[in-house]
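Below: the structure, in structure tokens.
Derivation of every value follows stated rules applied to the coordinates shown; laboratory data play no part. Bear in mind that the values here come from a model prediction, so they are computed numbers and not experimental data. Positions of Cβ are backbone-derived with ideal geometry, glycine not excepted, and every protein chain shown enters the neighbour counts.
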Amino acid sequence: MSEKLKEMSVAAFVDLTASDAPAPGGGSVSALFGSLSAALTGMVAGLTVGKKKYVEVEAEMREVAAAAEALKKELVEEIDRDSDSFNEFMAAMALPKNTDEEKAARKAAMQNGLKSAAKVPCHVAETAARIFPLAKTVVERGNTNAVTDGLVAAMAARTAVIGAGLNVKINLASIEDEDFVAEYSARVAALEEQAIAAEREIFALSELTREI
């Protein structure tokens, strides 16, 4: 696949995801969720700036918008990085295994590929988790006409973190480096707990979601 995922139309990306192609999968989709979360957060902040009603928070909202834009750009890049890391593992699986030397080289390459396929979604989860305080700010003090967009941002960030974490876990199951597995398992567990708590905290700020 020569075309970058991030450069596809929405329809083309969705169709490719629905096809029998091995990538994009849940990891790239989680990165996409994260980028959309950041985009929505930045949108609400932007809709708050310049409004007389919100003049007291204008400087804060400008900072939120800038931070959200940076996270959006980073997560858009992760959409392709996740699929690339998966393809690295698939390429390792295709290596020859006719001799003991070839088998050892193939196994080492596969283990390295699995580590890459775990590191990338872990980074996605960590990056997406940085959206929560921004989303909380726009829901709590941003333009009330766009509060639902901030709430959707919180949900999308949670999905990005949990989804990316699941992709870490499935790769950890085949990695033989026990220290690596222990480190990334702990990182994912902490991120999952953070995401669930952060979404709940943000939802509690709005009458629209308090019963959810």
Inset, instruction - Take the residues in the range 75-132 that are closer than 22 Å to residue 6 by Cβ and β-branched (Val, Ile, Thr), then tell me which one is surrounded by the fewest Cβ atoms within 10 Å (Cβ to Cβ). - result: 76
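Can we say residue 95 is touching a helix residue (DSSP H, G or I) at 6+ places or on another chain (Cβ under 9 Å), outside any helix (DSSP H, G or I) and not small (Gly, Ala, Ser)?
Considered against the rule, which asks whether it is touching a helix residue (DSSP H, G or I) at 6+ places or on another chain (Cβ under 9 Å), outside any helix (DSSP H, G or I) and not small (Gly, Ala, Ser), residue 95 comes out as yes.
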Inset, instruction - Would you be able to say whether some residue in the range 19-38 is free of Cβ contacts under 8 Å to residues at least 40 places away in the same chain and not hydrophobic (A, V, I, L, M, F, W, C)? - result: yes
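Just checking, does the range 52-62 include any residue being crowded, with 17+ Cβ neighbours inside 10 Å, in contact (Cβ under 8 Å) with a residue 12 or more places away in the chain and closer than 19 Å to residue 198 by Cβ?
yes
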Inset, instruction - Starting from the range 187-212, keep only residues that are in contact (Cβ under 8 Å) with a residue 60 or more places away in the chain and more than 20 Å from residue 144 (Cβ to Cβ), then list their pairs with residues that are among the aromatic types (Phe, Trp, Tyr) and in a helix (DSSP H, G or I) whose Cβ atoms are within a distance under 8 Å, requiring at least 6 positions of separation or different chains. - result: 194/132; 195/132; 198/132
Legend entry - Test for residue 149: is it assigned to a helix (DSSP H, G or I), within 23 Å of residue 31 (Cβ to Cβ) and among the charged types (D, E, K, R): yes
Inset, instruction - Evaluate the following for residue 183: is it under 30 Å from residue 109 (Cβ atoms) and surrounded by fewer than 18 Cβ atoms within 10 Å (Cβ to Cβ)? - result: yes
Inset, instruction - May I ask you to list the residues in the range 153-198 that are in a helix (DSSP H, G or I), among the aliphatic types (A, V, I, L, M) and more than 19 Å from residue 131 (Cβ to Cβ)? - result: 170, 172, 181, 182, 186, 189
